[in-house]
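Comments concern the structure below.
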Amino acid sequence: MKKKILIVCANYYADISNGLLINAKKKLKEPFDLILVPGVFEIPVTISKNIKKYDGFIALGCVIKGETPHFDFISKATIEAIMKLSVEHKKPIGNGIITCLSHKQAFARQKKGQEAAAALLAVLIPSKVLTK
């Protein structure tokens, strides 16, 4: 049975988001839809608006620490909102939102897109259910 997957990708740092998306695509065998949003803060509401239409989601984006506490507020609020959506709706959301101190760190972590896709698939399409 085919599963419907939506990738929500924040393109504030388009160069980094594109790398995350390319890496996520490498792992997915299922077809997927893609919605681009301006920043990571818009990811949870976009998933929420589409929660009934899809079986699972992948959130991709990047937050890079600047000189103000904005980084902390955006990162925490976004991750907590994504977790809440996943648990409340019982739908897996692969978290490929990276939080970094620099562009250099972000470029080095673009494989997180592939890891987020793998995590989604592991929950969405489990290979085995272990019983005693």
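Read-outs throughout are calculated quantities, based only on the coordinates presented, and are distinct from any laboratory measurement. This one's a predicted model, so the numbers in the text were calculated from it and none came from an experiment. Here Cβ is always computed from backbone atoms with ideal geometry, including for glycine, and neighbour counts include all displayed protein chains.
Quick look at the values:
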| read-out | value |
| --- | --- |
| Pick from the range 26-45, criterion in contact with a strand residue (DSSP E or B) (Cβ under 6 Å, 6 or more places away or on another chain) and closer than 16 Å to residue 120 by Cβ, ranking: surrounded by the most Cβ atoms within 10 Å (Cβ to Cβ) | 43 |
| Listing of strands (runs of 3 or more DSSP E) fully contained in the range 1-68 that carry 2 or more residues being touching a residue at least 60 places away in the same chain (Cβ under 8 Å) and in contact with a helix residue (DSSP H, G or I) (Cβ under 9 Å, 6 or more places away or on another chain) | 5-10, 56-64 |
| Cβ pairs under 8 Å, 6+ apart, first in the range 97-116 and under 12 Å from residue 26 (Cβ atoms) and touching a residue at least 24 places away in the same chain (Cβ under 8 Å), second hydrophobic (A, V, I, L, M, F, W, C) and surrounded by fewer than 19 Cβ atoms within 10 Å (Cβ to Cβ) | 110/22; 113/22 |
